[in-house]
Amino acid sequence: ILAVLTSARRKGFTAGLLERAATAAGAVPGVEVQVVCAHDFRFGPCVSCFACVRAPGAGCVLDDDMGHSGAGALYRLIASANALLIADPVHNWSPSAAARLLIERCYPFLWSGALKGIPAATVSCASNQGMQRLARRELCKWLFGLRARYLGGVAAHVARLEHHAHE
């Protein structure tokens with residue numbers, strides 16, 4: 001399982017939930033979990049060059065960790081995963097920009113079919129009026145668009161925000 005934290009706060013509430021989920025999944029015999037932080041990788045938005053459409057399976061041609069024609073560090077991690085778990089803080093009533101960027105840059109996988117049927121789950125965290133449920137739905141939609149098999153998600157409400165604000 002590739003578990004991706006899309007929050008820049010490595011000790012925040014979202015990171016803590018991902019750590020607990022990864023520990024629980026890793027306790028299952030035969031399951032290995034690798035936790036990474038999207039912010040540790042260098043990648044930008046898709047530039048709509050459509051090189052991945054013209055050459056399915058060749059990866060993205062951009063010069064970053066989601067590109068290098070499939071040799072980018074984060075691209076390789078996703079390509080070698082048997083399952084995905086994305087933990088994301090809710091920003092402005094929706095998934096974070098980092099989560100959106102990660103999914104957007106998986107566009108080459110749509111054309112290669114490499115993520116078709118891959119099990120995927122999410123954790124969305126918010127401290128406001130249920131926006132974590134809206135964010136979870138968006139992540140589901142985006143993963144479905146990549147033909148992943150969305151298993152479900154946790155819409156977590158951050159209780160006691162003042163306790164987590166400085167972590």
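The values are calculated or read from the model by the stated rules, or taken from the named source; none is laboratory data. Computed from a predicted structure; not experimentally measured. Don't worry about glycine lacking a Cβ; one is built from the backbone with ideal geometry, like all the others, and counts go over all protein chains shown. For accessibility, only protein heavy atoms count, side chains too; no ligands or nucleic acids. Shrake-Rupley method; radii C 1.70, N 1.55, O 1.52, S 1.80 Å.
Observations, loosely collected:
- Taken as a whole, the condition of being surrounded by 22 or more Cβ atoms within 10 Å (Cβ to Cβ) and either touching a Cys at 6+ places or on another chain (Cβ under 9 Å) or over 29 Å from Leu134 (Cβ atoms) (or both) applies to Asp88.
- Residue match in region 74-85 (condition: farther than 19 Å from Lys116 by Cα and either of a type outside the set (Gly, Ala, Ser) or more than 14 Å from the chain's Cα centre (by Cα) (or both)): no
- Check on Ile118, open to solvent by less than 20 Å² (accessible area, probe 1.4 Å), free of Cβ contacts under 8 Å to residues at least 40 places away in the same chain and of a type in the set (A, V, I, L, M, F, W, C): yes
- When residues of region 34-49 are limited to those that are open to solvent by 50 Å² or more (accessible area, probe 1.4 Å) and either of a type outside the set (D, E, K, R) or touching a residue at least 40 places away in the same chain (Cβ under 8 Å) (or both), the one farthest from Ile86 (Cα to Cα): Cys49
- Residue check, Leu134 in contact with a Ser or Thr (Cβ under 7 Å, 6 or more places away or on another chain), hydrophobic (A, V, I, L, M, F, W, C), over 27 Å from Gly26 (Cα atoms) and crowded, with 16+ Cβ neighbours inside 10 Å: yes
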